[in-house]
1. Toward the positive end of the charge dipole of the chain, about the Cα centre and with charges on Cβ (Lys, Arg +1; Asp, Glu -1), which of 95, 66, 82 goes farthest?
2. Filter the GluC sites (Glu not before Pro) in region 44-113 down to the DSSP loop ones having no more than 14 other Cβ atoms within 10 Å, then list what survives.
3. What span do the alpha-carbon atoms of the chain cover on each of the three principal axes, reported in whole Å from largest to smallest?
4. For 93, 46, 84, write out the residues from largest to smallest accessible area, computed with a 1.4 angstrom probe and no ligands counted.
5. Taking all protein chains as present, what is the carbon and sulfur share of the accessible area of region 9-113, in % to the nearest whole number, probe 1.4 Å?
6. Please count, across region 67-110, the pairs of lysine residues with Cα atoms under 16 Å apart that sit 8 or more places apart or on different chains.
7. Would you mind computing, in nm to one decimal, how far apart the modelled labels at residue 50 and residue 71 are, each placed 7 Å from Cα along Cα→Cβ?
8. Considering only DSSP states other than H, G, I, E and B, which trypsin sites (Lys or Arg not before Pro) in region 31-113 qualify as loop sites with at most 13 other Cβ atoms within 10 Å?
Amino acid sequence: MKEMETNWTRPEFKAYILAYAANSNYFESEEESAIIHKMISDESFDKIHKELKKDNDYQSIQKIIAHLNKFNYKKEDIDELVTDIKNMFNANDEHDILEENMLIAMKKLLSVV
């Protein structure tokens, strides 16, 4: 699974997950971008988005699973991630069905670890 390895830091990984979720409706709002951008530098923000843009869903999911293990995520960390995703989706007061579906999918994906 060499192609799924990155040199991300833990905050960059979290930013990747949030960016992946934010793009579930094919649009990352300014509010969602601002939340993600607060976690990481401009350079890391650009790097994460370039990576996300080139990845297909399968690659993104494999990277997420690999890095949950790499960074030793525990149940508390997963719960925090789910809360962060919910908060990000609520940031722009526009909740759509694609975001709801992504939240359900992310809960299932993150609970695999």
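The values are calculated or read from the model by the stated rules, or taken from the named source; none is laboratory data. For clarity, every value in this text was computed on a predicted model and none was experimentally measured. Heads up, the Cβs are rebuilt from the backbone with ideal geometry, glycines too, and the neighbour counts pull from every protein chain shown. Note: areas computed on protein heavy atoms with side chains; ligands, DNA, RNA excluded. Shrake-Rupley method; radii C 1.70, N 1.55, O 1.52, S 1.80 Å.
1. Most positive-ward Cα: 66.
2. Working: sites: 51, 76, 80, 94, 99, 100; in loops: 94.
Within region 44-113, the qualifying GluC sites (Glu not before Pro) (loop, at most 14 other Cβ atoms within 10 Å) are 94.
3. 38, 30, 24
4. On the way: 93 140, 46 85, 84 35 Å².
Most to least solvent-accessible, the answer reads 93, 46, 84.
5. On the way: 3130 of 5970 Å².
Here carbon and sulfur together make up 52 percent of the probe-accessible area.
6. On the way: 74/107; 74/108; 75/107; 75/108; 86/107; 86/108.
Counting lysine pairs in region 67-110 gives 6.
7. Each label point is offset 7 Å from its Cα along the Cβ direction, giving 2.0 nm.
8. Details: sites: 38, 47, 50, 53, 54, 63, 70, 74, 75, 86, 107, 108; in loops: 38, 74.
Of the trypsin sites (Lys or Arg not before Pro), the ones in loops of region 31-113 whose Cβ has at most 13 other Cβ atoms within 10 Å are 38, 74.
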